[in-house]
Amino acid sequence: MKTFVGSVQKKILCLGIESSCDETGVAIVDSERNILSNIIYSQIPEHQKYGGVVPELAARAHILAIEDVVRRALSVAGRTIDDIDVIAATAGPGLIGGVLVGWLGAVGIAQATGKPLVAVNHLEGHALVPRLTNDTKFPFLLLLASGGHSQILLVNGVGNYELIGQTLDDSAGEAYDKVAKMLGLGYPGGPIVDSRAGLGDSVAFKFPRPLCDKPGCDFSFSGLKTAARTFVEKQKAIDDTQIKNDEFINNICASFQSAVVDCMENRMRNAMKDGRVLAASPNALVVAGGVAKNSAIRAMLSVLASESGMQYAAPPLNLCTDNGAMIAWAGIENYLVGKIVKEPVAPRPRWPLTEL
């Protein structure tokens, strides 16, 4: 993607800032899909002792890290701020303290340099990553799964999202983290459960598949999470040494993950039969968000896409979790359709994609 100045094609260079949760991410990306730098300061060590993200600590860590991360991103890219054409930053949804840090930093840079500014929806950052890494064409069917969201969306274009299904309670990522916590596996729980599941027996224990016997495309993970907790507590009451047994833990992880994957497959199959999706005839089946790192979910969707004659697209693992590159790319996409900040923007803790 290029803009034209007279007869000369001009490549766009965007600096993207992401700070919606527990990563301070800054990246330099160009409109030809090159990631020149992608620097991430992770706060996981600060939050591990609490078993989850503490919003106040996260906001403080963003404040302490953001200036250095911006400098490093420019340095690694071999660019100065004068070389940048567009500034983009997450303006929501997310933990509002962290969002404010990144957004106000971007506003300051834009005001000081006179560069155009783009307010990026964090979820749209995830949604558009496959267009950065795979050059995926619109429209496509997206499973967006993360610690805070589980949604099926028909992506018709930049800022054009149709909600096909969503979680009615907990997100898949939250369920993974809670199961990891009840098993004493640490934080973040999703990757640990996935790893342990690969060593276990997926049919060792029977967990429910909520809503799989119902029509529609919505998810529900609260009951599955509760079933896992009830099972673990019951087994601990019978023999509390089991919770320290590797085979027992691996089997729980494998059985739990099998239930999650079955639920996602069921809902995705229903989505592919939805009248809105059939009418749009999407080119690809896409997964994005932190849970897109999960090996079993990626494998299931790849098979489903192949069976349906659709392309399959998933970001590389390092671009599934929060990062500045996805925000920079979303910034470029929005800039090219004229979506730049022309008046003050109030960051939002909640910002559905359907409101873009």
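Side notes on the structure shown:
- ARG298 contributes about 50 Å² of solvent-accessible surface, heavy atoms of the protein only, 1.4 Å probe.
- Surface share of carbon and sulfur [accessible, 1.4 angstrom probe, percent] for the chain: 52 percent
- Cα-Cα pairs of region 289-352 separated by more than 18 Å (percent): 58 percent
- Calculated SAXS-style log₁₀ I(q)/I(0) at q = 0.27 Å⁻¹ - region 221-299, Debye, Cα scatterers: -1.28
- Rounded to the nearest Hz, the phi-derived 3J(HN,Hα) couplings of region 117-127 under the Karplus curve 6.51 cos²θ - 1.76 cosθ + 1.60 (θ = phi - 60°) are 10, 10, 8, 9, 6, 3, 5, 5, x, 4, 5, where x marks glycine and proline.
- Integer Hz, Karplus 6.51/-1.76/1.60 couplings in order for region 302-316, x for Gly and Pro: 4, 5, 4, 5, 4, 4, 8, x, 10, 5, 10, 9, 9, x, x
- Note on exposure: LYS181, LYS10 ranked by accessible area (1.4 Å probe, complete protein assembly) read LYS181, LYS10, with the most exposed listed first.
- Projected label distance in nm at LYS206 and LYS234, using a 7 Å step from Cα toward the beta-carbon: 1.1 nm
- In the context of the full protein assembly, THR133 retains an accessible surface of approximately 60 Å², using a probe radius of 1.4 Å and ignoring ligands and nucleic acids.
- Cross-link pairs beyond the 19 Å C-alpha cut-off, checked among LYS115/LYS137; LYS178/LYS244; LYS225/LYS273; LYS11/LYS293: LYS115/LYS137; LYS225/LYS273; LYS11/LYS293
- Label-point separation, VAL337 to SER75 (7 Å along Cα→Cβ), nm: 3.7 nm
- Whole-number percent relative contact order across the chain, with pairs defined as alpha carbons under 8 Å at least 6 apart: 25 percent
- With Cα atoms defining each centre, region 214-252 and region 57-107 are spaced 39 Å apart in the structure.
- Shape metrics for region 104-189, restricted to C-alpha atoms - Rg then Dmax, Å: 17.0, 51
- Residues whose placed amide H lies under 5 Å from that of GLY94, excluding near-sequence neighbours: ARG350
- Computed about the Cα centre, the dipole magnitude for region 236-285 is approximately 400 debye when only Lys and Arg (+1) and Asp and Glu (-1) carry charge, each at its Cβ.
- Heavy-atom SASA rank of TYR312, TYR176, TYR50, TYR187 (probe 1.4 Å, accessible area, largest first): TYR50, TYR312, TYR187, TYR176
- Put simply, region 26-136 fits an ellipsoid with semi-axes of 24, 17, 14 Å; these come from the alpha carbon gyration tensor as the roots of five times its eigenvalues, largest first.
- Separation of the LYS137 and LEU104 label points, Cα + 7 Å toward Cβ, nm: 4.5 nm
- With the helix formula -39500 (n - 2.57) applied to DSSP H stretches of n ≥ 4, the chain reaches a computed 222 nm mean residue ellipticity of -14000 deg cm²/dmol.
- When region 6-78 is reduced to its Cα atoms, the Kirkwood hydrodynamic radius in Å: 13.5 Å
The values are calculated or read from the model by the stated rules, or taken from the named source; none is laboratory data. Worth saying up front: this structure is predicted, and the values here are computed from it rather than measured. Note that each Cβ is placed from the backbone with ideal geometry, even for glycine, and that neighbours are counted across all protein chains shown. Heads up: the accessible areas ignore ligands, DNA and RNA and are worked out on the full protein's heavy atoms, side chains in. Shrake-Rupley method; radii C 1.70, N 1.55, O 1.52, S 1.80 Å.
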